[in-house]
Amino acid sequence: MVSRPAPASTSLPSESSTATSEGALPESGRFWRELLEDVRDAVLVQDVGGALRWSNPAARELFGGARPILTAEGPDVGHVEHTGRRFPARIRTLPGGWHAWTVTSAVAADGPRVDGFLAASAPRLASARGRHGTAKVIAEVAAAELADCVFVLLPTTRGRWEWWSCDRRTNHGHGRIRRVPAQLAPVLAGTFASTEETEAKAVPEEEVATLPAIVAERLAVHPSVTVVSLGFDGGAGVTGAVVLGRRGAPAFGEDHSRAVTEFARAAGTALANAHRYARQEEATRGLETTLRPTPPPDVRGVKFDVWYEPSSGLLDVGGDFYDVLPREDGSAMFVLGDVCGKGAEAAALTGRVRQTLAALDLVEHDNTTLLSLLNSLLITGGSGRFATLVLGSVLAGDEGLGVTLASGGHPAPLVVRRRGGVEEITLPGTLVGISPQARFAETAIRLGEGDVCLLYTDGITEARHHERPSDLFGDERLRELLAGCRGMSGREVVARVRTAVREWLGSGTHDDIAVLAIEASRPVQ
């Protein structure tokens, strides 16, 4: 925010001039109370358009009646420039978009203020991503204001340092170098090991010479070389240092040392946060790999197609799930379900359910028995959550694909016949994980070549319209959609459902979605 001169005058407006000026200050009591809090200091008032409209006696005395230039360095700090001198100022936002500038020191600073530099660098450090990106930004910001050549050094494996550099001539660099023994580089070694208050220390010329050539040669031409610790964070385990080479006078004069140390503390915090974030991402990827369902395997006489789309969240996996597990006799067990809840806790329970069923399937193939055992295990586990699911098995034979199904309180499967028609498979059964007295029933159907049995979660039927949130996709709309899928393959049916539901949702959010299509591929010869 830089002021522009008022068109009517090139001098500071006086108190008396405001009474008749078109730009007179508002008569708001709050406006004047905010302003008068600082009248003992030099105060300048800027209107919503950036023009200087009022000054108090202290300001007119300080600037001799001339019109200074106001420059913001952050939302609430800046400086007032007059005859080549800069005076630090605090900015207060007033009603109506006006601003009051209070000069905080009548002694002019010789260069840019440290607070302004730190305020400007903070968002850049905060927006950096990852260890590499954050170290690169640290080097960039430091080279722009604190030094002519900067190296960020972080310890890495096998007795080496990873480095990032930036200077005003060759821009960026990155690589790895050997660590220099403490006896040859005691200042650097002490900086890395330091757990005390951050302090910038001069690096002797002979110590610079002991560094690997790619660093030593670039720093050797700088008369002043200092190093400052990035600090040590016990939780993240981050430690490192910034080496600054400077040819000329320090940019911040007597405040330069403070600028370096406070920047290093902020940079160390940003690096520690980046390290924690990277560890969280690594853990998240590991959980996703473990918990996310895998594509269905090939099974003789049947084709499986899926649509799996968790709701947005930290993990790319949710409370909906599916699995297809082939057996040695040529059959396969399949399951599709929905665990109560969302997010990481629901995803963890889906992992337990899938792993439990996979283990039980090794010793038990009866669908209702599998559901009963799973029900008991969920209750014993004490999670307090329940699940709905459809569990079954498929086996290809001479007369098509034999399918047995059992349900635990889940939406009924729908069968799309190749020659037309949609059939609902009624399956009585209670929620899994609620009651020890839960009962489950089983039914058997047969799929001819091209017939498709569709299993789905309520993320389909409860999808909300993007313009009418109270309007759900619903069971009837799904049945009508499937009625138009006559003769389509399982893959085409899933694609048709996906397209329709996504159009219904628009850009709106949705619950977890899982769809499993079971298609009889051809009769066994």
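The values are calculated or read from the model by the stated rules, or taken from the named source; none is laboratory data. Not measured: the values here are computed from a predicted model. So basically every Cβ, Gly included, is an ideal-geometry build from the backbone, and we count neighbours across all protein chains shown.
Show the residue pairs that are 6+ apart or on different chains and have beta-carbon atoms under 9 Å apart, the first residue being within segment 301-315 and among the aliphatic types (A, V, I, L, M), the second being part of a loop (DSSP other than H, G, I, E, B) and at pLDDT below 85.
Val306/Pro293; Leu315/Arg292
Looking at Ala147, Ala135, Ala142, which is the one that is crowded, with 19+ Cβ neighbours inside 10 Å and more than 18 Å from Ala251 (Cα to Cα)?
Ala135
Looking at Arg131, Arg178, Arg168, which is the one that is within 25 Å of Tyr277 (Cβ to Cβ) and either modelled with pLDDT of 90 or more or in the same structural domain as Glu262 (by TED's automatic domain parsing) (or both)?
None of the other options fit; the residue is Arg131.
Looking at segment 56-76, which of its residues are more than 46 Å from the chain's Cα centre (by Cα) and among the small types (Gly, Ala, Ser)?
Ala58, Ala59, Gly64, Gly65, Ala66 - these are the residues of segment 56-76 that are more than 46 Å from the chain's Cα centre (by Cα) and among the small types (Gly, Ala, Ser).
Against the condition surrounded by fewer than 19 Cβ atoms within 10 Å (Cβ to Cβ) and at pLDDT 80 or above, how does Glu281 come out, does it pass?
In short, no.
Provide a single number: the residues in segment 172-221 that are touching a residue at least 60 places away in the same chain (Cβ under 8 Å) and in contact with a Cys (Cβ under 6 Å, 6 or more places away or on another chain).
Number satisfying all stated conditions: 1.
Arg477 fails exactly one of the following numbered conditions: (1) under 32 Å from the mean Cα position of the chain (by Cα); (2) over 19 Å from Ser407 (Cα atoms). What is the number of that condition?
Answer for Arg477: the failing condition is (1).
Going through Thr499, Thr461, Thr443 one at a time, which residue ends up being out of contact with any Cys (no Cβ under 7 Å at 6 or more places or on another chain), over 22 Å from Val335 (Cα atoms) and β-branched (Val, Ile, Thr)?
Thr499
What is the residue count in segment 175-185 for residues that are touching a helix residue (DSSP H, G or I) at 6+ places or on another chain (Cβ under 7 Å) and more than 19 Å from Ile214 (Cβ to Cβ)?
1
Output the residues belonging to segment 471-525 that are closer than 18 Å to Tyr322 by Cβ and of a type in the set (Asp, Glu).
Asp511, Asp512, Glu519
Residue by residue through segment 399-417, note down the ones that are part of a loop (DSSP other than H, G, I, E, B) and of a type in the set (Gly, Ala, Ser).
Gly409, Ala412
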